[in-house]
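The values are calculated or read from the model by the stated rules, or taken from the named source; none is laboratory data. All of these numbers come straight from a predicted model, not from anything done at the bench. Don't worry about glycine lacking a Cβ; one is built from the backbone with ideal geometry, like all the others, and counts go over all protein chains shown. With ligands, DNA and RNA removed, areas are computed over all heavy atoms of the protein, side chains included. Shrake-Rupley method; radii C 1.70, N 1.55, O 1.52, S 1.80 Å.
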Amino acid sequence: MNKNPDRQRILQAEPDPNQMTSILHEFTQTYRSFDPEDIEMREAACIRAQLKGRVRPVEDGDLFAGRMMQMPIGFIPQSKGTGMGYCIHPDIDSQLLIKPDLTSESRKILKELLEFWQKEGTVYKSRRKMPDEVTRVVPSELYYLESGIAFVLYRMSGIQLNYSKLLALGIPGLRAEVSKYKSTVQEGSKAFRLYAAMEHVLETFSELAAYYAVQVLEQARHMSDKNRKVELENISRVLTNIAHKRPATFREGLQLIYLYNIFDGTKNYGRMDDSLADLYHGDLQAGTIDEEEGIRLLTSIWQLMKSRDNRYDTRLIIGGRGRNNEEKANRVAMLILETTRRVKENVPQVALRFHNDQDPSLYQKGLDLLATGNTYPMLYNDEVNIPSARNAFGVPHEEAEHIIQYGCGEYVLNHRSVGTPSGVINLLQALLVTMNRGIDPSTGKYQGMPVERYVKYNNFQTFKDLADAYKEQVEYHVGPLALQEYLEYKHAADDNAYLLSSLLMDDCLARGKAIFDGGIRYLGGTLETYGNTNTADSLVAIKELVYHQKIFTLDALNQMLKANFRGYGKELKMILNCPKYGNDHQFADRMYGFVHDHICKTTRDQAKEVGLDSYLVVVINNDANTVMGSFTAASPDGRKAFSHLNPGNNPVGGADKSGVTACLNSLVKADTTLHAGAVQNMKFSKEMLSKYRRQFESLLQTYFEKGGSQIMLTVVSRGELEDAQKHPENYQNLIVRVGGFSERFVNLPPETQNEVLSRTLN
Amino acid sequence: MEGILFDIQPFALHDGPGIRTTIFLKGCPLRCQWCSNPESFLKRSNLSYNREKCIACFSCVRVCETGALFELSDVLVVQHDLCNACGKCIDECPEDALKLYGYRESARNIVNEVLKDKAYFDNSGGGITLSGGEPLMQPDFTMEILKESKKAGLHTCIETCGFAAEAEYEKILPLVDMFLFDYKAGGSEKHRLLTKQPNELILENLEFLNTSMANIVLRCPIVPGVNDTLEHFKAITKLSHDLDQITEVELMPYHNYGEHKYEQIGLSEPALGIPAATEEQEDQWYADLAKLGCKNLKKQI
């Protein structure tokens, strides 16, 4: 690409829409020029063809190259919105189609391209191939637009690449390894084609780095500011080096990680303290870097991450067992924490893993950050999570040590497994529909399992009848969801090799297979569950008031819910006074255990049915709890119609009235060995982490010793949040944890702000 | 054995070392002007009525058997002295405007509840704290809770105003790891003015605990304009020197969070009605005491 004569013209901040159209056209032509069977080389060629549209210049203050955009139409394994290969950007209208300077000729071409890709895009193809047994049960993806028990998601997410390997080998080393494998397989075989295409994309990567190097040097030449000029020359030198050599410095390592990551389109950064440990240590030994310089470099990476705006991802893991050299890695981890303390942004999402033998200063530093109002690091307890992962994923201990999170808190085994959440289930909706024998109370329409299945439940004469019907309702959906996940991967493999990801995921190279074609060591999937706590609390109230005390009938309860409790103040009060999860109350916590164990085991058991290595529940949270809640009728836990569902594994906001220890005691009762991540959000007052730091540490220590898996903390006062709603202008920097991501409080929609406010402040 | 309490508060950080669970028992012999827990005064349950939540539906009136609740020109009137705390009205109220302070519970159940947090106590050096009211208004019940606590291996604190028979202190002495002993005002007359009781007995008990080698934290509520005087500070300083067993002197700056409760529970005494002490005031008081040479101050300014 450095040989490209019109490179000057390509590299502009905002390419002209007509020019972009011609790039898209060229990209599409490239795609069409290949035999549909030759997916590997087609992908390599497409990745190369789209670069012209993706690459953006280094901006003022950047210390690294890597401003690359996602194409309006292009190849990207993990797209914004839904996408998993060849895809159309969800914002194509605003990005391109409505641009005023788009000529009618361009518009015509674009329309044709869109028509083509709506047939040829990976997601579109997968949708069409999905069998009736899936689409009949889970027909919709629109969980944000309509009521439903379960939805499917067409996407791929959570790839965590082997960055340690990338840095140890560099691009040339990786290429050499690929070539070696290629020499062992028969020419023309599928494996051969894969290796050859991999060589090709690595060559493209080197060209990209070299191209950037030339560009930056060009920028340096026109730079009047002397310091910046030197800086640009440094950036250029780093790029030249990583194009052709193994990275030799911390800075080169960072550049390589970042550029590869954005080039591939993955969104998470793995165990950065581990992958960069040797390079940072080497620089320190050589005296070519100090801590301040390290922070300066990381700060620039943090800003680049921010500019990519993947607030649901951009995970970066530090600490924990299974790192190559803990001591060296801890130094990088401290650097990462200090950078996060200073930058104080909503990305990267730094998660700190810790274990009993780890240097305690890392954990302490983490708490220091939280005390000053950072929402990072999130804390993850190895002592619980490693044994849990061993059981949930069914892998040996050595593998379980590599459990890391991506996105909103889903676990994967670092560069060994994938676990895209391709389905969501609203357990509370499952219960409400079941109580109404198939009628969705929010729309009056039929939903869920067929009506004849209700017959055996004797009109819900006993609580067991109702609970069993609820279970069947859930199971009815989970089977097709699992199958959809498996088929989605399979369909993805029909069209894509995901070359750049396959290069750095075990055991694709050794097996000579692409990631979803049998290359990945553990092919896993996950199911997002929502309303878990509301469902448990609802079942408690039903059991207590309908079946035990017999204060009203189930039908009468359905009437109250339909009326959204209007005119039923006394009954609502009785419902609210029933025991609730989160109070260390045996009855309520056992009911939560029932809901939790049922959905977790039902899901887990589907893996072998459909051909996945694991299929596990995640009790994570982004803002889907608020969105899905807005289509869910009033529920027997006292929740009003269309209000939010509980976030993650947390008690229903405000229901945990017995204090923080009781809440934590409840949390640790849920079995952690059955799922791939369940998140806990808690809000603490500032005072707690400053004035009562010792007690606070004891509180966390005890929680973790009792089996606490993880916790995400926001340190804030309620008054501050309320005031921020009234005077957003004064609180631009107030960052809160929403569940799966952090965000500036003032940027959240009012419903989500209220949800955050409803959570108990400890 | 049963007694009457009005709250169990887990994760209490202000009532002794570490993470604790504080038990608030009903009944108090004093009537301190600044009291923030007026619901603790009586040794029986009492009704609380929050006018702001009331929607005047009068469903409570229909179930009230004593005539304590009645309607008068569209307004609910609560005659607290007629109330027998039967609690029927509370179930009827759709808005939670009515509630009862005080319920009976056995010592064993209380300690079992507290024990749910034992792991937190063990990691933080915490335990159980008996507070109130004045726990020694229910001496046998207090004794029973302490015994059960000790049997379960809990660290025990008791918060006391000092106004009880010496014999009661003698009885609980071996079961209490730390006395959080209130010292409110010097001079018996002034004490009577502020708390409705003289302080001779209190000082004798303090002396007794000191000679009995009890572990004492002296807790001094400081109310701006009431007892933030040089004379009082001098008296505190003197105690810190005279009594070897005082391991800590802690100031309890006045706050007014409990003010609204006075009217809600129908007390004839009005709340003090002054603003809460500020953090600067608190720091200043600690600084003043330090200057006077007070020993073992909790906060070093």
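Structure values in brief
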{"quantity": "All positions within the stretch B:89-121 that are among the charged types (D, E, K, R), closer than 30 Å to B:E168 by Cβ and more than 8 Å from chain A (Cβ to nearest Cβ)", "calculated": "B:R104, B:E105, B:R108, B:E113, B:K118"}
{"quantity": "Residue check, B:K295 in a helix (DSSP H, G or I), open to solvent by 60 Å² or more (accessible area, probe 1.4 Å) and not hydroxyl-bearing (S, T, Y)", "calculated": "no"}
{"quantity": "Test result for A:L362, modelled with pLDDT of 95 or more and touching a Pro at 6+ places or on another chain (Cβ under 7 Å)", "calculated": "no"}
{"quantity": "The stretch A:187-225: number of residues that are surrounded by fewer than 18 Cβ atoms within 10 Å (Cβ to Cβ) and of a type in the set (V, I, T)", "calculated": "1"}
{"quantity": "Selection count, the stretch A:682-722, where residues are charged (D, E, K, R) and over 27 Å from A:N754 (Cβ atoms)", "calculated": "6"}
{"quantity": "Matching entry among A:Y376, A:Y380, A:Y363 (being at negative phi, aromatic (F, W, Y) and part of a helix (DSSP H, G or I))", "calculated": "A:Y363"}
{"quantity": "Of residues in the stretch B:1-20 being acidic (D, E) and either closer than 15 Å to B:K118 by Cβ or open to solvent by 30 Å² or more (accessible area, probe 1.4 Å) (or both), the one nearest to the other protein chains (Cβ to nearest Cβ)", "calculated": "B:D7"}
{"quantity": "Set A:S164, A:S189: member being under 18 Å from A:A510 (Cα atoms), in contact with a helix residue (DSSP H, G or I) (Cβ under 8 Å, 6 or more places away or on another chain) and of a type in the set (S, T, Y)", "calculated": "A:S164"}
{"quantity": "Residue among B:Q281, B:Q264 that alone is out of contact with any helix residue (DSSP H, G or I) (no Cβ under 6 Å at 6 or more places or on another chain), closer than 19 Å to B:K184 by Cβ and touching a residue at least 12 places away in the same chain (Cβ under 8 Å)", "calculated": "B:Q281"}
{"quantity": "Selection status of A:E452, touching a residue at least 60 places away in the same chain (Cβ under 8 Å) and either of a type outside the set (A, V, I, L, M, F, W, C) or touching a helix residue (DSSP H, G or I) at 6+ places or on another chain (Cβ under 7 Å) (or both)", "calculated": "no"}
{"quantity": "Candidates B:L175, B:L154, B:L201, filtered to the one that is within 20 Å of B:S106 (Cβ to Cβ) and either open to solvent by 40 Å² or more (accessible area, probe 1.4 Å) or touching a helix residue (DSSP H, G or I) at 6+ places or on another chain (Cβ under 6 Å) (or both)", "calculated": "B:L175"}
{"quantity": "Near pairs, Cβ below 9 angstrom, 6+ apart or cross-chain, from the stretch A:564-575 (at the interface with chain B (Cβ under 10 Å from one of its Cβ atoms) and without any contact (Cβ under 8 Å) to a residue 12 or more places away in the chain) to any residue that is among the polar types (S, T, N, Q) and open to solvent by 30 Å² or more (accessible area, probe 1.4 Å)", "calculated": "A:Y568/A:Q559"}
{"quantity": "Top-ranked residue of the stretch B:44-55 - restricted to ones that are in contact with a Leu (Cβ under 9 Å, 6 or more places away or on another chain) and more than 14 Å from chain A (Cβ to nearest Cβ), ranked as surrounded by the most Cβ atoms within 10 Å (Cβ to Cβ)", "calculated": "B:L47"}
{"quantity": "Given (1) surrounded by 18 or more Cβ atoms within 10 Å (Cβ to Cβ); (2) within 13 Å of chain B (Cβ to nearest Cβ), index of the condition A:Q586 fails", "calculated": "(1)"}
{"quantity": "Count - residues of the stretch A:602-621 that are touching a Ser or Thr at 6+ places or on another chain (Cβ under 7 Å) and either within 18 Å of A:Y470 (Cβ to Cβ) or not in a helix (DSSP H, G or I) (or both)", "calculated": "5"}
{"quantity": "Enumeration of residues in the stretch A:98-123 that are within 21 Å of A:Q78 (Cα to Cα) and surrounded by 14 or more Cβ atoms within 10 Å (Cβ to Cβ)", "calculated": "A:L113, A:L114, A:F116, A:W117, A:E120, A:G121, A:T122, A:V123"}
{"quantity": "Failed item in (1) over 18 Å from B:E159 (Cβ atoms); (2) outside any loop (DSSP other than H, G, I, E, B); (3) in contact with a Leu (Cβ under 8 Å, 6 or more places away or on another chain); (4) open to solvent by 50 Å² or more (accessible area, probe 1.4 Å), with B:Q284 passing the rest", "calculated": "(3)"}
{"quantity": "Whichever residue in the stretch A:27-69 is among the polar types (S, T, N, Q) and either under 16 Å from A:A196 (Cα atoms) or crowded, with 21+ Cβ neighbours inside 10 Å (or both) and, among such residues, is modelled with the highest pLDDT", "calculated": "A:T28"}
{"quantity": "Meets criteria (in contact with a strand residue (DSSP E or B) (Cβ under 6 Å, 6 or more places away or on another chain) and either open to solvent by 20 Å² or more (accessible area, probe 1.4 Å) or modelled with pLDDT of 95 or more (or both)) for A:L572", "calculated": "no"}
{"quantity": "Hey, B:A97 surrounded by 15 or more Cβ atoms within 10 Å (Cβ to Cβ), closer than 30 Å to A:I575 by Cβ and in contact (Cβ under 8 Å) with a residue 24 or more places away in the chain or not", "calculated": "yes"}
{"quantity": "Helices (runs of 4 or more DSSP H) enclosed by the stretch A:462-553 - at least 2 residues per element that are of a type outside the set (V, I, T), crowded, with 21+ Cβ neighbours inside 10 Å and out of contact with any Leu (no Cβ under 8 Å at 6 or more places or on another chain)", "calculated": "A:463-495, A:532-541"}
{"quantity": "Matching option when the condition is surrounded by fewer than 24 Cβ atoms within 10 Å (Cβ to Cβ) and either at pLDDT below 95 or not in a helix (DSSP H, G or I) (or both), among A:R228, A:R237, A:R246", "calculated": "A:R246"}
{"quantity": "Residues being of a type outside the set (D, E, K, R) and open to solvent by 30 Å² or more (accessible area, probe 1.4 Å) - total across the stretch B:21-33", "calculated": "1"}
{"quantity": "Filter result for A:L370 (part of a helix (DSSP H, G or I) and either among the hydrophobic types (A, V, I, L, M, F, W, C) or open to solvent by less than 20 Å² (accessible area, probe 1.4 Å) (or both))", "calculated": "yes"}
{"quantity": "The stretch A:297-310, subset touching a helix residue (DSSP H, G or I) at 6+ places or on another chain (Cβ under 9 Å) and either surrounded by fewer than 16 Cβ atoms within 10 Å (Cβ to Cβ) or among the β-branched types (V, I, T) (or both), residue farthest from A:G265 (Cα to Cα)", "calculated": "A:T299"}
